[in-house]
1. Give the span of the chain's Cα atoms along each principal axis, as three whole-Å numbers ordered largest to smallest.
2. Given charges of +1 on the Cβ of Lys and Arg and -1 on the Cβ of Asp and Glu, with all other atoms neutral, how large is the dipole of region 89-144 about its Cα centre, in debye to the nearest 20?
3. With an 8 Å cut-off on Cα pairs and a minimum separation of 6 or more residues, tell me the relative contact order of region 1-81 in percent.
4. Over region 156-212, how many percent of alpha carbon pairs lie in each 5 Å bin up to the one with the longest distance?
5. Could you sort 58-66, 214-222 so that the peptide with the highest average Cβ count within 10 Å comes first and the rest follow in order?
6. Which net charge results for the neighbourhood of P269, defined as the other residues with beta-carbon distances under 11 angstrom from its beta-carbon, given Lys and Arg at +1 and Asp and Glu at -1?
7. For A94 and R160 in one chain, what is 0.36 nm times their gap in residues minus the Cα-Cα distance, to one decimal in nm?
8. What's log10 of I(q)/I(0) for region 76-155 at q = 0.23, 0.26 Å⁻¹, Debye sum over Cα points only, no solvent?
Amino acid sequence: MAEYRFESGVIAEMTLPGGEKALLEYDRFRPGMITLVVDDTPQSQVDLDDPSALGFEYVQRIGNVIDLIGDPGQPISAVHLGAGALTLPRYVLATRPGSRQQVIEIEQALVEFVREHLPLPRDSGIRVRYGDAREKLGNLPPAMRGNTDLVVVDVFSGARIPAHVTTVEFYREVAELVSPTGLVAVNIADGPGLQFARGQAATLVETFGEVAALAETQILKGRRFGNVVLVASPGQLPLEWLPRLMAAGPHPAKVVAGRELRDFIAGAPVVTDATAVASPLPGKSIFQLPRN
């Protein structure tokens with residue numbers, strides 16, 4: 001694997017078919033880390049020398065959950081809805097060699113751009129399928145149905161989560177993939193009040209039964225815009241994980257489950273295809289990078 005020395009500046013850039021500008025650039029503060037930016041909004045980070053190193057806090061939280069699946073270091077089967085720079089598929093490949101992974105992404109040009117400049121290793125076991133995440137679920141190999149260890153839902157159109165991948169009907173389709181002990185990790189972006197996140201938690205509880213929420217403390221208190229990771233399973237979530245997830249950070253960390261999660265939901269309605277809306281649009285100052 002190629003070694004990357006610490007540099008600053010843009011590695012490559014392109015204009016996507018929809019007119020958005022995508023670029024890969026070296027992180028200003030972390031040697032070896034490369035950021036995928038679309039329309040001045042950071043989308044993903046990758047360290048090709050150490051794919052087990054994760055950048056964004058919410059991605060680190062999902063990585064911590066992945067570490068607790070089955071036996072450490074053993075292969076898993078995974079489905080990733082949303083590709084970005086293929087950060088989490090690379091993480092699974094690095095930490096669980098031999099895993100079989102499927103990725104569904106609607107932006108083919110973006111993935112081809114990423115793979116050209118940040119190539120996957122040969123025989124990675126990662127297959128990328130192009131198209132809408134919900135529409136393509138039915139095209140996955142039949143053998144994966146009921147046998148998938150991990151499904152990551154991280155689907156965005158620009159800075160918002162599309163409505164059609166937030167509903168109980170959608171999550172029921174996801175549930176058909178997951179093994180009895182498998183996990184679903186959903187990245188949610190929301191702001192003060194957390195109305196969208198609470199609705200997603202209620203919808204996952206309706207679908208799977210048990211759910212936990214992971215985020216930075218002030219975000220879960222609804223005091224600022226940010227990412228909440230929701231984790232669900234068809235089986236019982238092993239609550240003995242909670243201290244380990246809290247300790248793993250990133251800090252300050254908060255894990256909400258059980259009665260505390262029911263209080264978090266606070267009567268939020270289950271989201272259906274008839275009632276769904278896209279996630280709230282963050283202010284430009286929230287995620288966008290300043291450009292000189």
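1. 48, 42, 38
2. Charge dipole, region 89-144, about its Cα centre: 300 debye, nearest 20.
3. 19 percent.
4. Bins of 5 Å from zero give 4, 17, 29, 26, 15, 6, 2 percent of pairs.
5. Most protected by this proxy first, the peptides run 58-66, 214-222.
6. Net of charged neighbours comes to 0.
7. 20.8 nm
8. -1.14, -1.41
The values are calculated or read from the model by the stated rules, or taken from the named source; none is laboratory data. Only a predicted model underlies this, so the values are computations on that prediction, with no experimental measurement involved. Reconstructed Cβ throughout: ideal geometry from the backbone, glycine too, with neighbour counts over all protein chains shown. Quick note on the areas: whole protein, heavy atoms, side chains included, nothing else; ligands and nucleic acids left out. Shrake-Rupley method; radii C 1.70, N 1.55, O 1.52, S 1.80 Å.
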